[in-house]
1. With (1) exposed (fewer than 15 other Cβ atoms within 10 Å of the Cβ); (2) over 18 Å from the mean Cα position of the chain (by Cα) as the list, and A107 as the residue in question, which single condition is left unmet?
2. Which one of L153, L162 is in the same structural domain as G267 (by TED's automatic domain parsing), hydrophobic (A, V, I, L, M, F, W, C) and not in a helix (DSSP H, G or I)?
3. Among the residues of the stretch 257-285, which ones are small (G, A, S) and farther than 24 Å from G75 by Cβ?
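The values are calculated or read from the model by the stated rules, or taken from the named source; none is laboratory data. Every value quoted in this text rests on a predicted model; they were computed, and no experiment measured them. Every residue, glycine as well, gets a Cβ built from its backbone with ideal geometry; the counts of neighbours run over all protein chains shown.
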Amino acid sequence: MIRYALNRIVQFITVLFGVTLAVFALVHLVPGDPIRVALGTRYTPESYEALLAASGLDRPLLTQYLDYISGLFRGDFGISFRSGEPVADLIFDRLPATVSLATFGIAFALVVAIPLGVIAALRAGKAVDGVVRFVSQLGVSLPDFWTAMLLILLLSATWQLLPSSGYVPFGEDPLGWLEHVIIPGSTVGLIAAAIITRYVRSAVLEIVNADFVRTARSKGIPFYRVLLSHILKNSLTPILTIAGVQFATMLGGVIVVEVVTAWPGLGRLVFDSVAARDYPVIQGAVLLIALIFLVVNLIVDLLLAKVDPRVLR
């Protein structure tokens with residue numbers, strides 16, 4: 001287990017190094033002069049020189065990269081071209097909103113997907129299986145912005161049950177947070193649930209006809225115990241994997257949903273920064289999103305090794 005964990009950590013560090021190279025190259029791959037592009041109509045020779053010096057783009061390339069890496073270790077992601085604020089402050093101000101949205105979304109997805117996937121697998125080939133597969137395929141196919149707009153139309157505009165947009169921090173008003181998170185959280189949760197349901201169905205279907213399950217049933221063990229102790233336990237590997245991917249995707253910021261519902265998370269920050277050509281903020285957000293994916297994947301790998309020792313072979 002220790003060797004497996006160390007191997008995954010080495011892979012984590014290697015990939016993270018590659019990500020820093022790719023993110024650093026972002027500004028230098030932009031066609032034209034990124035400083036001139038970022039300033040736009042605000043361009044003056046004085047503002048250009050000031051922003052060039054502040055961004056460090058007038059230094060040698062190797063020096064810029066070393067400064068960038070050393071800044072990351074200090075938590076310094078640079079300065080926003082648009083607002084002049086530290087990029088780290090802008091990003092971490094948005095992180096609580098993204099974390100709360102992702103937590104609600106993945107909880108919603110698992111509560112919906114696991115029962116539906118299990119029922120579909122246990123009733124494979126029956127009408128209920130066909131309905132579940134149709135609904136999950138529909139959920140995968142529908143655009144997330146359309147789902148968000150439909151929920152806003154029904155829950156906010158028509159029935160006036162929930163606010164259509166906005167955000168309230170959980171620490172300030174838990175009930176207000178819940179009212180605001182239901183629409184965007186349900187949107188990302190429904191999409192994730194549609195994907196996870198298909199994996200749950202396939203995983204359970206592969207296990208339910210195994211010899212050890214038939215043996216347990218033949219011994220007279222109650223079905224719910226067979227389901228929990230044998231079927232679901234041995235189906236955890238693909239379920240954990242896809243749930244981890246979906247959770248990381250939500251933590252990385254669901255751009256369209258956040259824009260439609262005015263949710264002030266990382267996705268909305270990236271969208272606004274791209275529109276304003278604020279490259280330091282884009283760099284910082286992309287790096288954080290990549291780091292989130294790597295951390296979640298590392299945690300999932302370690303959990304898989306714990307629940308299924310076969311992955312250590």
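1. Failing condition for A107: (2).
2. L162
3. Selection gives A262, A275.
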